[in-house]
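Just so it is clear, none of the values below were taken in a lab; they were calculated from the coordinates. Keep in mind it's a predicted model, so treat the numbers as computed, not measured. Note that each Cβ is placed from the backbone with ideal geometry, even for glycine, and that neighbours are counted across all protein chains shown.
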Amino acid sequence: MAIWGGVAFALSLAMMPLGLGALQEDEQLGKVTYDRWCSECHGVDGDGTGSAAGYMLPRPRDFTLAMYNIRTTASGDLPTDQDLLRAINMGAPGTAMPAWDDVLTEAEKQALVQYLKTFSRFFPLDENPVPLVLGSPTGVSEEVIAEGRGQYEAIECWKCHGDQGRGDGESAATLMDDTGFPIAAADLTENWFFNGGADVEDIYRALRTGLDGSPMPNFSDVLNAGVMTDEELWAVAHYVRSLAPEDTPGISEVVLAKLLTEGAELATSFDDQAWEEIEGTYIPLVGQIIVKPRWFDPRVDGVWVKAMHNGDDISVLVSWSDPNNSPDPLWSDWKSQVTRIMEPREAADNEIDAAPDQLVVQFPMQMPEGMERPYFLKGDSRRPVYLWEWKSDRQTALEGEARGVGTESFQDEGQDVSVKGMHSDGQWQVVFTRPLLTSDENDLDFITGEAIPMSFFAWDGDNGESGNQGSLSSWYFLLLEEPTSTKVYVAPPIAMLIAGALGFFIVRRVQKREMESFRS
Amino acid sequence: MFVLGKNEKLISVTLLATLVVVGCGGGDSSDSAGSSSAASEATVMENPVDPSTAGNISGSVAFEGSAPAMDAIDMSGEQVCADKHSTAPMLQTVVVNDNGTLSNVFVYVKEGSAIEGMQFPTPSAALLDQDGCVYTPHVMGVMVDQEITIRNSDGLLHNINASPTEQRGFNTSQPFNMETSQDFGTPEVMVPLRCDVHGWMTAFVGVVNHPYHSVSDGSGGFSLSTLPEGDYVVEAWHEQYGTQAQTVTVTAGGTTDITFTFSADMANAVVPMRTPIDPHDHPLVTDHQ
C-alpha cells in the first residue's frame with residue numbers, strides 16, 4: 001500500500017503542471033456552462049436564488065448546502081459524480097428542472113459536475129462518496145405486492161403519501177423542505193414525475209437513501225436496526241411501483257366515448273361498474289402563464305378522462321389527484337404560504353380567499369369548419385367556446401360560454417348538463433352527463449363520428465388557485481363512437497393527430513415565449 | 001469509466017486537497033463519517049483537567065416580562081401520543097418555569113484559553129427520546145463525536161431530520177419502537193432536528209468539543225463543573241430569544257455564580273442557527289490561482 005501510495009504521489013507530482021492546466025480549463029468550461037444554462041435558476045453563486053427562482057416550487061437546489069435528493073449514497077452523505085451527472089441528464093420531472101441529456105456535451109456535463117461541487121465546502125472533505133450496495137430487485141408477484149401493501153401500512157408511508165398513495169396523507173399539509181418551503185408529498189400514482197426514476201429500483205433506492213433536503217427519510221437504518229428485512233423493503237418498492245400504471249401514459253389526442261350496447265345503462269356516477277370497462281386517457285395540464293394573474297405552481301398536473309354514450313346521452317368521467325377537498329382548514333397554512341412565496345404575485349387579495357376546487361371542460365360553441373379551433377384560452381369573439389363548470393362547493397354543474405378570458409358567463413337555468421363529484425383518497429372523480437342534442441342554440445351538439453375539440457381547466461383552491469390561476473390543457477378531441485363499421489373513423493383520427501400536434505406546438509410556443517418574456 | 005486524462009486530473013485534485021488540508025495545519029479534519037473509531041479511542045482517554053486546580057460555574061436563567069402563551073399541540077391524529085399526556089401538550093418554544101425562570105437555554109463555554117487545544121474523553125451516549133410525540137429533551141448538548149441514541153418510544157412513525165450547516169445532516173425514519181445511533185463530528189450551536197410527520201416536533205442539539213455545556217432545567221438552573229481556573233466566555237442560547245454571553249472567572253476550588261436574563265421583548269432576536277453559507281467564504285479545491 002505504502003509503495004503504491006508513493007508511486008501515485010510521485011506520478012501525480014510529475015503530472016502536476018499538466019493536471020493543473022487541464023483543471024483550470026475544465027473549471028472554465030464548467031463555469032461558462034453553468035453561467036449560461038444554470039445560473040438563472042440556481043443563481044451565479046449556486047445558492048438557489050437565481051432571478052427565476054421565485055417562480056418555482058420546489059425552489060431550485062441550493063448547491064452551497066450540498067443536499068441532494070437523488071443519490072446512491074447514504075442519507076447525509078454527499079452524492080457521487082455519477083449521481084450529479086444523472087440529475088443533470090434526467091432533470092427532475094415534475095419540477096422546473098429540465099433534462100440536459102441532449103443539450104450539453106459530455107465534456108460540458110463533466111465540467112459542470114466538478115463546478116457544482118465548488119459551491120459547497122463539503123465536497124473537498126470527502127472526495128469519494130461511497131454508494132450504498134443496493135442489490136437487485138426481488139421477484140414480483142401478487143403476493144409480494146400484497147406484502148408490500150402490508151408494510152406500506154406498517155411503516156406508515158400513508159402518513160404523508162396517503163392510503164392510496166396520492167400524496168394526501170394527514171402530514172402532507174405541513175411538509176417543508178430544508179430551506180423552509182412547502183413541499184408536496186409525492187403522488188405515487190404518477191411515477192413519471194418521480195425525481196430519480198420511475199422503476200422499482202429507483203423507488204427502492206429512494207427508500208434506502210432518503211431524499212436529503214426533503215422530508216423523505218431513509219429506511220436503511222430500519223434495516224440496520226433489524227426491525228425490517230430487505231425483502232420487506234423491496235416489497236414496499238414493488239407495491240409503490242404497482243400504484244402507477246405499468247406504462248407511462250402516452251399522449252393520446254383522442255378520448256373515445258364508447259358506444260354502449262343496446263340496453264346497457266349509461267353511467268351517471270363515478271362509482272358505476274361500467275367505467276371499469278373503459279380505458280382512461282391521460283391529459284397533461286400545465287400552469288396558466290399566458291394572461292395575468294399567472295400561476296407557476298399548478299397542483300393539478302394531469303387528468304384522466306373516460307367517456308361513454310348511448311346514442312341519446314353522453315357521460316364524461318374526469319378524475320385527478322388533489323390531496324383534499326378545498327377549502328379545508330388543515331390546508332390553510334399551506335395555502336397562505338404558497339400564495340405568499342409564489343412569484344409573480346399578480347393576484348388581487350380577494351382572488352386568494354378561500355376557494356373551492358374546480359374543473360371546467362371546454363368545447364367550441366360550434367363545430368369548427370376545417371381545422372381551426374377556438375383560441376384554447378376560453379376562445380375569442382370570432383370563435384366562442386362552450387363550457388361545463390364544476391365546483392366542489394356546489395352540487396350542480398353550470399353550462400356557460402366565453403369569448404376570451406374574463407368573458408365567461410354561465411346560464412342560471414335550463415341546465416342540460418348534470419354532474420356528480422366525489423373526493424376520496426386524494427382524488428376527485430367528477431362525472432358530467434348531458435343529452436347529445438339540446439334545444440339550446442349555445443350548446444354544442446355532440447354528433448357521433450365527429451372529432452369534437454375538448455380541453456380542461458383545473459384548480460386546487462387550497463393551493464391558492466382560482467380565477468386565471470390554475471392549470472389547463474391544450475385542445476384534445478372527444479370522439480363519439482359510431483354504430484357503423486370502423487372504416488369511417490380511419491381518416492378523422494389522422495386529421496386529428498395532425499391538428500393535435502399543431503395545437504400542441506402552438507401552445508408550447510406561446511408558453512415558451514411567455515417564459516422568455518418574464519425572464520427578460 | 002474515465003479516460004486517462006480524467007484520471008490525471010483526479011489525481012491532481014486529490015493531491016491538491018491533501019495539500020490544502022496539510023497547508024491549513026490539518027488539525028481538525030473531523031466530519032461525521034468514520035467518527036465511531038475516534039470515539040472508541042477517546043473513551044479510554046483520561047480527563048486532562050487536574051481537579052485540584054479546577055472550579056465550577058453555576059447559575060440560573062431569569063426571565064422578565066410576561067410569559068408568551070404557547071399553542072396547544074393538536075395530537076388528535078395520534079391517539080397513542082395524546083393518551084400519554086395527562087394535560088394538553090403545548091409547544092415548547094418558550095417554557096417559563098413556575099419560579100419565573102427560563103427552561104431549555106443551552107449554556108456552554110464558547111471561549112476559554114485554559115481549555116484551548118485540550119482533548120477531552122468522549123462521554124457515553126446521550127439519549128434523545130420520542131415519547132408522546134414530543135422530543136425529550138427538547139434542547140440538549142453533546143460533545144463532538146459523542147453518540148446520541150435516538151429512541152422511538154411511541155411505536156409509530158417518526159422521522160428524525162437533522163439539518164445542520166456546519167456538517168452533513170441526516171434524515172432517518174423510525175416506524176417502530178427502535179433506536180438509532182447518530183453523532184456530529186463538528187462543533188455547531190445549534191443543530192435543529194425535526195419530525196416531518198409531526199410538524200410540531202422540533203429539538204435542538206448543541207455540539208461542542210468539550211464537556212462544558214448545560215441546559216437550564218425546570219427551575220432555570222445550570223452548571224458547568226470541573227473547569228481549569230481561568231477566564232471564560234460563557235454563552236446562553238435560546239431558540240426564541242437569541243444568545244447572550246458573559247465573561248466568567250473560575251478560581252481553583254471555587255464556584256462562580258452567574259445569571260443570564262432573557263426577556264419577553266427579545267422575541268424578535270436573531271437566533272444564530274443555520275447561518276447562510278457564503279459560497280466564497282470557504283476554501284475550495286479549485287481555489288488555486
Give me B:MET178, B:MET201, A:MET176 ranked fewest to most by other Cβ atoms within 10 Å of their Cβ, as a rough exposure proxy. A:MET176, B:MET178, B:MET201
Fewest-first sequence of B:SER103, B:SER76, A:SER252 by Cβ atoms within 10 Å of each Cβ: B:SER76, A:SER252, B:SER103
Rounded to the nearest 500, the 222 nm mean residue ellipticity computed for chain A from DSSP H runs (n ≥ 4, each -39500 (n - 2.57)) alone is -9000 deg cm²/dmol
Amide H partners (placed H, <5 Å) of A:THR438, local residues excluded: none
Once phi for every residue in region A:166-180 is put through the Karplus expression 6.51 cos²θ - 1.76 cosθ + 1.60 (θ = phi - 60°), the whole-Hz ³J(HN,Hα) values, with Gly and Pro written as x, are 8, x, 10, x, 5, 8, 4, 5, 10, 6, 9, 8, 5, 9, x
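Roughly how many debye, to the nearest 20, is the charge dipole of the protein assembly as shown about its Cα centre, given +1 on each Lys and Arg Cβ, -1 on each Asp and Glu Cβ, and no other charges?
Working: 46 positive and 118 negative charges, 382 e Å.
For this selection, approximately 1840 debye.
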Determine the shape class of region B:48-268: with a ≥ b ≥ c the square roots of the Cα gyration tensor eigenvalues, call it rounded for a/c under 1.5, and otherwise prolate if a/b is greater than b/c, oblate otherwise. oblate
Between the residues A:ALA74, B:HIS198, A:PRO374, the Cα farthest towards the positive end of the dipole of the protein assembly as shown, that dipole coming from +1 and -1 charges on the beta-carbon of Lys, Arg, Asp and Glu, is from A:PRO374
Taking 0.36 nm per residue of separation between B:LEU127 and B:GLU111 and subtracting their Cα-Cα distance, the length gained on full extension comes to 3.1 nm
Among region A:451-475, those whose backbone N falls under 13 Å of a label point 7 Å along Cα→Cβ from A:ILE251 are A:473-475
Cross-link list A:LYS109/A:LYS306; A:LYS292/A:LYS391; A:LYS31/A:LYS292; A:LYS391/B:LYS84; A:LYS292/A:LYS335; A:LYS306/A:LYS378: which exceed 31 angstrom alpha carbon to alpha carbon? A:LYS109/A:LYS306; A:LYS31/A:LYS292; A:LYS391/B:LYS84
Would you mind getting me the FRET efficiency between A:GLU231 and A:ALA501? Use the beta-carbon distance for r and R0 = 41 Å, nearest 0.05. 0.35
For B:MET190, A:MET308, what ranking results if the residue with the fewest other Cβ atoms within 10 Å of its Cβ goes first? B:MET190, A:MET308
For region A:392-462 versus region B:55-119, the gap between their alpha-carbon centres in whole angstrom: 56 Å
Hey, what do the phi angles of region B:87-99 turn into as Karplus ³J(HN,Hα) couplings, whole Hz, using 6.51/-1.76/1.60 and θ = phi - 60°, x for Gly and Pro? 10, 4, x, 10, 4, 9, 4, 10, 10, 9, 6, 4, 8
On the formula 1/(1 + (r/R0)^6), with r taken between the Cβ atoms of A:ASP425 and A:GLU143 and R0 of 25 Å, the FRET efficiency rounded to 0.05 is 0.60
Shape of region A:115-174, Cα gyration tensor, a/c cut at 1.5: oblate
If R0 is 25 Å, what FRET efficiency do you get for A:ASN128 and A:GLN28 from their C-beta distance, rounded to 0.05? 0.55
Given contacts defined as C-alpha pairs under 8 Å and at least six residues apart, what's the relative contact order of chain A, whole-number percent? 13 percent
Take the alpha-carbon centre of region A:89-130, take the same for region A:298-349, and report the distance between them in whole Å. 34 Å
